[in-house]
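Nothing in this text is a laboratory measurement; each read-out follows from the coordinates by a stated rule. Computed from a predicted structure; not experimentally measured. Cβ sites come from the backbone with ideal geometry, for glycine too, and all protein chains shown count toward neighbours.
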Amino acid sequence: MRVLVLPDSWKGVCRAERLAEAMREAVRAHLPGAEVWAAPMADGGEGTKAAARRLGLAEKGAWIEAAEYIGFADPELVAQPIFARGSFRLGLAIKRALDAGHTRLFVALGGTSTCDLGWGLLCALGVRGEDPSGRLSPPTLAGALSLARVDASALDARLRRARLVALVDVTAPLFGPEGAVRRYGPQKGLPEARALEVERGLRAAARRIAEGLGTPFIERPGDGAAGGIGWAMRLLGARVVRGARFLLRAPMLQARIAPGSWVLTSEGRADLQTLQGKLPLAVARWARARGARVALLAPMIAPNAKRALAAQFDACIDAEAAGASLALPPEELAWRLVQAWIAAL
């Protein structure tokens, strides 16, 4: 039997690398004759760099995770009101990669705490803006809302020669009820009562930014990722792709999957959102298209999602089915989930 272990992280609980190792060792212990290979996975957010390294993609260019620079793990950043936050530090990371001579940049956009349309990122790369009084607009959400004029004449010229790929974990539009502001802004601290007002202001800002960069304002799926950074990256010439699908195309994975294999994937809580394109679903579709079977192992599976998930996965195991306590250390719980899957074979 061939088994591929491809878990996502259990957000805020356990990194995907640790889960992959624990699940691999559990398979080896209980199926000693199995051929087992494991890799941590990600959907374009936290852990994407680690997944790229394990899948042999890291040498293809510079890999940058937005969450490292403007994510929720930074208490100093998150302590600020959302209007004072921006994507400037992510832009500086891109600039440092260019300074180091990289011409291929992969930027994972998931897990950000900002909602500034990527205005701060653009500022770090040379774009400047002014408010109606002629004062410099800061690289924050408040700065984007103040824009009256945008000057991109000093935009880093090296970007024209670079190949940029933006990996997104959602295909959200820039605006609208499912967009960066109204759907995801409140999750980042934007008062819901101000969401429509902020969206109107950012619509105007987006048109001024696009005009300043000499391009028409066009919206596409994925533009709303990372509070609009997906859109800003596309303005800079980036190709915007789904993070999970991009990683699953790695030649190292293609060489290991085979008809009849089992693929184990995981996330901390599986629910109806899992069926909206999260990593486990991407893994399931990828594996089944190649004749493999897929098991979803998750500490929690929402009762109202079990039937729908069963149509996408060949096995669904949660802590309750495994007879395990959610209070167990995550590696031990992962081991118990694998045990339960093996017992059900």
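To the nearest Å, what is the center-to-center distance of region 132-172 and region 36-111, using C-alpha atoms only?
Comparing the Cα centres of region 132-172 and region 36-111, I get a distance of 18 Å.
To the nearest 20 debye, what charge dipole does the chain have about its Cα centre, counting +1 at the Cβ of each Lys and Arg and -1 at the Cβ of each Asp and Glu?
1060
Could you work out how much longer the chain between Ala148 and Ala193 gets when fully extended? Use 0.36 nm per residue separation minus the Cα distance between them, nm to one decimal.
The span from Ala148 to Ala193 would gain 13.8 nm if fully extended.
Quick check on region 58-244: what does the Kirkwood estimate of hydrodynamic radius come out to from the alpha carbon pairs, in Å?
16.0
Indicate the gyration tensor shape class of region 1-73 (rounded, prolate or oblate), computed on the Cα atoms with a ≥ b ≥ c the square roots of the eigenvalues: a/c under 1.5 is rounded; otherwise a/b larger than b/c is prolate and the rest oblate.
Judged from the Cα gyration tensor, region 1-73 comes out oblate (a/c at least 1.5, b/c at or above a/b).
So if we plug the beta-carbon distance of Arg200 and Arg239 into 1/(1 + (r/R0)^6) with R0 = 35 Å, what FRET efficiency do we get, rounded to 0.05?
Once the sixth-power term is evaluated, E becomes 0.75.
Which whole-number percent is the relative contact order of region 79-214 (Cα, under 8 Å, 6+ apart)?
For region 79-214, the relative contact order is 27 percent.
Between Lys11 and Glu68, what is the FRET efficiency for a Förster distance of 22 Å, r being their Cβ-Cβ separation, to the nearest 0.05?
Computed FRET efficiency for Lys11 and Glu68: 0.90.
Given the -39500 (n - 2.57) contribution per DSSP H run of 4+ residues, what per-residue ellipticity at 222 nm results for the chain, rounded to the nearest 500 deg cm²/dmol?
-9500 deg cm²/dmol
Relative contact order of the chain, please, whole-number percent, based on alpha carbon pairs below 8 angstrom and at least 6 residues apart.
19
Over the chain, what number does the Rg to Rh ratio reach, with both radii from the alpha-carbon atoms and Rh per Kirkwood?
Checking Rg against Rh, the ratio lands at 1.02.
Over region 153-288, what lengths in whole Å, largest first, do the semi-axes of the equivalent ellipsoid take, defined as the square roots of 5 times the eigenvalues of the alpha-carbon gyration tensor?
33, 22, 9
Using the Cα centre as the reference, give the magnitude of the dipole from point charges on the C-beta atoms of region 6-105 (Lys, Arg: +1; Asp, Glu: -1; all else neutral), rounded to the nearest 20 debye.
The calculated dipole for region 6-105 is roughly 200 debye.
Place +1 on the Cβ of every Lys and Arg and -1 on the Cβ of every Asp and Glu in region 189-244, take the dipole about the Cα centre, and give the residue among Ala226, Ala206, Gly237 whose Cα lies farthest towards its positive end.
Gly237
Near Lys188, which lysines are there with a Cα under 27 Å away, not counting those fewer than 8 places off in the same chain?
The reachable lysines, counting only those whose Cα sits under 27 Å from Lys188, are Lys11, Lys49, Lys95, Lys278.
Given labels modelled 7 Å from the Cα in the Cβ direction, how far is it in nm from Met1 to Leu31?
Each label point lies 7 Å from its Cα, and together they span 0.4 nm.
Would you work out which of Ala270, Ala195, Ala250 lies farthest towards the positive end of the dipole of region 187-345? Charges go on Cβ: Lys and Arg +1, Asp and Glu -1.
Ala250
Take the Cβ-Cβ distance between Leu213 and Arg135 as r, set R0 to 25 Å, and report the resulting FRET efficiency rounded to the nearest 0.05.
Computed FRET efficiency for Leu213 and Arg135: 0.75.
What distance in nm separates the simple spin-label points at Met300 and Lys60, each placed 7 Å from Cα in the Cβ direction?
Taking the two extended label points, one gets 3.5 nm.
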